[in-house]
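First up is the structure itself, then whatever we jot down about it.
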Amino acid sequence: MFEKVLIANRGEIALRIHRACREMGIRTVAVHSEADANAMHVRLADEAVCIGPARSADSYLNKSAIISAAIVTGADAIHPGFGFLSENADFAEMVESHGITFIGPTAAQMRKMGDKITARQAAIEAGLPVTPGSPSLDTVEDAKKWANEIGYPVIIKAKDGGGGKGMKVAFSDDDITEAYTMARAEAKAAFPSDVVYMEKYLQKPRHIEMQILADKYGNVVHLGERDCSIQRNNQKVIEESPSPALNQAQREEIGEIVRKAIEKIGYFNAGTLEFLFEDGKFYFLEMNTRLQVEHPVTEAVSGIDIVREQIRIASGAALGYEQKDIKFNGHAIECRINAENPETFTPCPGKITEWHAPGGLGVRVDSEIYSGYSIPPFYDSMIAKLIVHGHTRNSALMRVRRALEEFVIDGVSTTIPLHQEIISQAEYIDGMYNIHWLEEYMKSRKTEK
Ligand code: ADP
């Protein structure tokens, strides 16, 4: 097992990884930007190294500064968390070439599954259901030809896309030119490549994803699904497990399809396969070759510490259990709480004057915040994740309502009021929502006001 792990991230996820390491008897090295010198992950780690100025490009994305920090402190492994360098195959390769273990899959696995076009191909070969789609599109004429073959509406997506960027929907030949041109322009601005492709656009799907764990010896298990259909701007807001839309037979069927596909692909460490689900059918969207923000809902229902498993797998340990050993228990819901104006969603950095996190049975809060902490304006605005677990979906709903009521965060605006509103709506309570529900609800609420 590793003796010292460097955590190449910040915020609640850096703290989450630190906690797993401590419970495994592993020492930790925090890296931080100049703006994060007082962050909780820096305070709690055994050692801390400043890797550059506030801007992410100069610090959390600065590969050589991070690797130098690992060498200087004698870390045996680097955990990348999510975001930043977590899906950067070049970084994984650099880390390994310095004799340090990258806690994640290999660079080759990341390249194959991180590119949406090659991942689609690998998914088809591995027997996963996909949306009808095209290869890469070189011209507008190409786009038009494929759109007519697939049938409108279609969505044009960047092969390197992420964070909901570089995606444009076209409903007819009239708007295909604009969708194609804009998707390419957005991709060019945000990603390494402006290559785009096309998929059938599903109109009322749910977003359901499967968590997998696989070791280096070909053992693969799935940890069930997460329903992440409560979204705004293609970004997840609330997640839950199990999905209220699946029955046991559907759950077992997709679980087995995914497990076999991962065996075939030969992937290891933790990973997530994202699907759209409509009219009882799954359509593979993409694979995330890293830990997900919403991993705690799976931890709550499976009882498995996913970060601990990532570290064990990277160190060469075998899973040590099979699919039949995994028992799912109860229902979990996660709310992503952002420091943002809950009406306009403009980020609201600043000083936290008062902080009281909820507690009690079945309540978990993952957050780096403490009273007196100043949220820097340079990074993502998520400041806390509230995760509740109950025996049934109904008890989880009552619990999330109670926990949100208890939360006190003074000094900055947060999205807590939005969460309170969502969980009180009949569609949410009944589990009858798709990926467009939240935006449609917010629009209708505005016209009523
Ligand atoms: P990213 O990598 O940018 O997150 P994804 O491919 O995971 O992009 O898609 C993000 C979201 O965009 C999905 O959760 C869904 O809301 C929407 N989306 C993507 N592809 C489709 C599609 N074919 N039909 C309908 N919605 C889609």
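For the range 389-415: of the residues being surrounded by fewer than 20 Cβ atoms within 10 Å (Cβ to Cβ) and of a type in the set (Val, Ile, Thr), which is nearest to Gly83 (Cα to Cα)?
Only one residue fits best here, namely Val408.
Please determine, by comparing only the residues of the range 240-255 that are touching a residue at least 40 places away in the same chain (Cβ under 8 Å) and closer than 30 Å to Ala317 by Cα, which one is farthest from the ligand (Cβ to nearest atom).
Across the range 240-255, the extreme among qualifying residues is Gly255.
Do we find that Gly271 is within 16 Å of the ligand (Cβ to nearest atom), assigned by TED's automatic domain parsing to the domain that holds Glu239 and out of contact with any Cys (no Cβ under 9 Å at 6 or more places or on another chain) in this structure?
Here the answer is yes, as Gly271 does meet what is asked.
If a residue must be farther than 15 Å from Leu404 by Cα and either in a strand (DSSP E or B) or not assigned by TED's automatic domain parsing to the domain that holds Ile383 (or both), how many such residues does the range 317-344 contain?
Of the residues in the range 317-344, 2 are farther than 15 Å from Leu404 by Cα and either in a strand (DSSP E or B) or not assigned by TED's automatic domain parsing to the domain that holds Ile383 (or both).
Starting from the range 164-176, keep only residues that are assigned to a strand (DSSP E or B), then list their pairs with residues that are among the charged types (D, E, K, R) and within 15 Å of the ligand (Cβ to nearest atom) whose Cβ atoms are within a distance under 7 Å, requiring at least 6 positions of separation or different chains.
Hits for this filter: Met167/Lys157.
If a residue has to be at positive phi and modelled with pLDDT under 95 to count, how many in the range 223-265 make the cut?
Number of matching residues: 2.
Take the conditions crowded, with 16+ Cβ neighbours inside 10 Å and within 10 Å of the ligand (Cβ to nearest atom) and apply them to Ala147. Does it pass?
So Ala147 does not fit the description; no.
Can you run down the residue pairs with Cβ atoms below 7 Å, 6 or more apart or on separate chains, where the first is in the range 75-100 and among the aliphatic types (A, V, I, L, M) and the partner is buried (at least 23 other Cβ atoms within 10 Å of the Cβ) and part of a loop (DSSP other than H, G, I, E, B)?
Within 7 Å, the pairs are Ala77/Ile103; Ile78/Ala8; Ile78/Ile103; Leu85/Ala8; Ala92/Gly104; Ile100/Ala75.
State which residue is surrounded by the fewest Cβ atoms within 10 Å (Cβ to Cβ) when the search covers only the range 221-237 and only residues that are over 22 Å from Gly161 (Cα atoms) and either in contact (Cβ under 8 Å) with a residue 60 or more places away in the chain or touching a Cys at 6+ places or on another chain (Cβ under 9 Å) (or both).
The selected residue is Gly224.
Yes or no: the range 171-190 includes at least one residue that is of a type in the set (Lys, Arg), within 11 Å of the ligand (Cβ to nearest atom) and closer than 28 Å to Ala89 by Cβ.
no
How many residues are in a loop (DSSP other than H, G, I, E, B) and of a type in the set (D, E, K, R) if we restrict to the range 345-374?
Of the residues in the range 345-374, 1 are in a loop (DSSP other than H, G, I, E, B) and of a type in the set (D, E, K, R).
Looking at Val154, Val195, can you tell me which residue is away from the ligand (no atom under 13 Å from the Cβ) and either touching a residue at least 40 places away in the same chain (Cβ under 8 Å) or on the phi > 0 side of the Ramachandran plot (or both)?
Val195
Yes/no matrix, rows are residues, columns are (1) over 14 Å from Phe84 (Cβ atoms); (2) surrounded by fewer than 23 Cβ atoms within 10 Å (Cβ to Cβ); (3) in contact with an Asp or Glu (Cβ under 9 Å, 6 or more places away or on another chain); (4) at pLDDT 95 or above:
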| position | (1), (2), (3), (4) |
| --- | --- |
| Val5 | yes, no, yes, yes |
| Gly11 | no, no, yes, yes |
| Ala14 | no, no, yes, yes |
| Ala30 | no, no, yes, yes |
| Ala37 | yes, yes, no, yes |
| Leu44 | yes, yes, no, yes |
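Return the only residue of Gly372, Gly431, Gly360 being in contact with a Pro (Cβ under 7 Å, 6 or more places away or on another chain) and either farther than 20 Å from Gln231 by Cα or assigned by TED's automatic domain parsing to the domain that holds His331 (or both).
Sole residue among the options that is in contact with a Pro (Cβ under 7 Å, 6 or more places away or on another chain) and either farther than 20 Å from Gln231 by Cα or assigned by TED's automatic domain parsing to the domain that holds His331 (or both): Gly431.
For the range 257-298, name all the residues that are among the acidic types (Asp, Glu) and touching a residue at least 24 places away in the same chain (Cβ under 8 Å).
Glu263, Glu274, Glu278, Glu286, Glu294
Name the single residue, out of those in the range 199-213 being buried (at least 24 other Cβ atoms within 10 Å of the Cβ) and hydrophobic (A, V, I, L, M, F, W, C), that is nearest to the ligand (Cβ to nearest atom).
Checked the range 199-213; the qualifying residue nearest to the ligand (Cβ to nearest atom) is Ile208.
Can you list the helices (runs of 4 or more DSSP H) found entirely within the range 28-129 that contain at least 3 residues being closer than 16 Å to Ile7 by Cα and not assigned by TED's automatic domain parsing to the domain that holds Ile313?
Counting at least 3 such residues, we get 40-44, 63-73, 89-97.
Would a scan of the range 283-293 turn up a residue that is over 29 Å from Ile383 (Cβ atoms), at pLDDT 95 or above and within 19 Å of the chain's Cα centre (by Cα)?
Among the residues of the range 283-293, at least one is over 29 Å from Ile383 (Cβ atoms), at pLDDT 95 or above and within 19 Å of the chain's Cα centre (by Cα), which makes the answer yes.
Within the range 272-287, identify whether any single residue is under 23 Å from Gly83 (Cβ atoms) and of a type in the set (Val, Ile, Thr), and answer yes or no.
Yes, the range 272-287 has at least one match.
Give the residue, chosen from Leu438, Leu386, Leu418, that is in contact with a Leu (Cβ under 8 Å, 6 or more places away or on another chain) and under 28 Å from Gly83 (Cα atoms).
Leu386
The values are calculated or read from the model by the stated rules, or taken from the named source; none is laboratory data. Owing to the predicted nature of the structure, the values given are computational and were not obtained by experimental measurement. Positions of Cβ are generated from backbone atoms using ideal geometry, with glycine treated the same way; all protein chains shown enter the neighbour counts.
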